[in-house]
Amino acid sequence: MSRWQVIDGLQIAIDGPSGSGKGTIAALVGAELALPVLDTGLLYRYIGWRAAEQGVSLDDENAVLSMLDRAIASMLWKPQGIFLKEADVEKDCTSQLRDENAGARASQVAAMPQVRAALLGVQRDIAKMGCIMDGRDIGTVVLPDAQAKFFLTASQRERARRRWSQLKAKGEDADLERIAAELKARDARDKDRDCAPLEKAVDVIHIDSTTMRMDDVVDRILNILERRKLIKKL
Ligand code: DC
């Protein structure tokens, strides 16, 4: 049971670069407000992963586009994650979508305009009943009318350190310098691409979390939502 009353259909957009903490923050705010959370990066990760599963090279844009409709038709979003639905069998693929390879593949398919266009409708459909959505272009492209938009950043070094400690915690072999170099390359690709590059919406609230605890970021966001009368303490 949430401690908050939330206005009907509330849409909250949280954008930011890789490792800025937006996924963690979206999940914490979602749990606090009892709102569904969509990590939109997972949709791009799913398309890249599905292509790899089917032996489709990401360097061949036409081949990716020819598997796109079927891939989307067999994708199922639930508040718990992304499922592959084939012949009435549902398989949770969320954990494999979160690995570094899936992230690199996602960044490649995310630069394809037709992939973005196809996923736009999927995201807007999910957002209809109200939700928190995190990604790169949520406040600018996907939900330009969202009642609250946040842009979360942290220094590149701190973001690399967070990824490194997440991997370490999972018992994976992780090298901080390699992660920092990959993050830099991913940032450049996400920022410089022609189609929906990472940029701030005009009506966005910028939060730099480099030296903040995640709980303090959540409190700041709840505070702002409360002041704007989008949520009310019960
Ligand atoms: O947030 P993430 O690491 O899961 O995102 C994976 C890739 O997908 C990343 O390179 C940026 C891209 N992406 C995007 O272009 N637009 C979104 N709304 C979400 C992710």
Could you tell me the extents of the chain's C-alpha atoms along the three principal axes, largest first, rounded to whole Å? 51, 42, 35
Which ³J(HN,Hα) values, rounded to whole Hz and listed in residue order, are derived for the stretch 218-225 from phi using the Karplus coefficients 6.51, -1.76 and 1.60 in 6.51 cos²θ - 1.76 cosθ + 1.60 with θ = phi - 60°, glycine and proline given as x? 4, 4, 4, 5, 4, 4, 5, 4
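Where Rh is the Kirkwood radius over the Cα pairs of the stretch 115-157, the temperature 10 °C and the viscosity 1.306 mPa s, what D in µm²/s does Stokes-Einstein return? Present the calculation step by step, with values, prior to reporting the outcome.
Numbers: Rh = 11.5 Å.
Translational D for this selection: 138 µm²/s.
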Around K78, what is the net charge, scoring Lys/Arg as +1 and Asp/Glu as -1 over all other residues with Cβ under 14 Å from its Cβ? -2
Amide hydrogen neighbours beyond the local backbone of I205, cut-off 5 Å, H modeled: K149, F150, F151
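Around D137, what is the net charge, scoring Lys/Arg as +1 and Asp/Glu as -1 over all other residues with Cβ under 12 Å from its Cβ? Walk me through the intermediate numbers first.
Values: positive: R116, R136, K149, K191, R193, K200; negative: D15, D134, D190, E199.
My count for the surroundings of D137 gives +2.
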Pairwise centroid distance, computed over Cα atoms, of the stretch 185-234 with the stretch 1-40, Å: 11 Å
Report, ordered by chain and residue number, the lysines lying within cross-link reach of K233, taken as a straight Cα distance under 16 Å and ignoring same-chain residues fewer than 8 apart. none
What FRET efficiency comes out for the pair D216/Q5, r = Cβ-Cβ distance, R0 = 25 Å, nearest 0.05? 0.60
Can you give me the C-alpha center-to-center distance between the stretch 81-108 and the stretch 116-139, rounded to a whole angstrom? 17 Å
Using Cα pairs under 8 angstrom and six or more residues apart, how large is the relative contact order of the chain, in percent? 34 percent
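Tell me the mean residue ellipticity at 222 nm calculated for the chain from its helices only (DSSP H runs of n ≥ 4, each -39500 (n - 2.57), averaged over every residue, nearest 500).
The per-residue figure over the chain is -15000 deg cm²/dmol.
Every number in this text was worked out from the coordinates using simple rules, so none of it is lab data. Keep in mind it's a predicted model, so treat the numbers as computed, not measured. Glycine also receives a Cβ, built like all others from the backbone with ideal geometry; neighbour counts cover every protein chain displayed.
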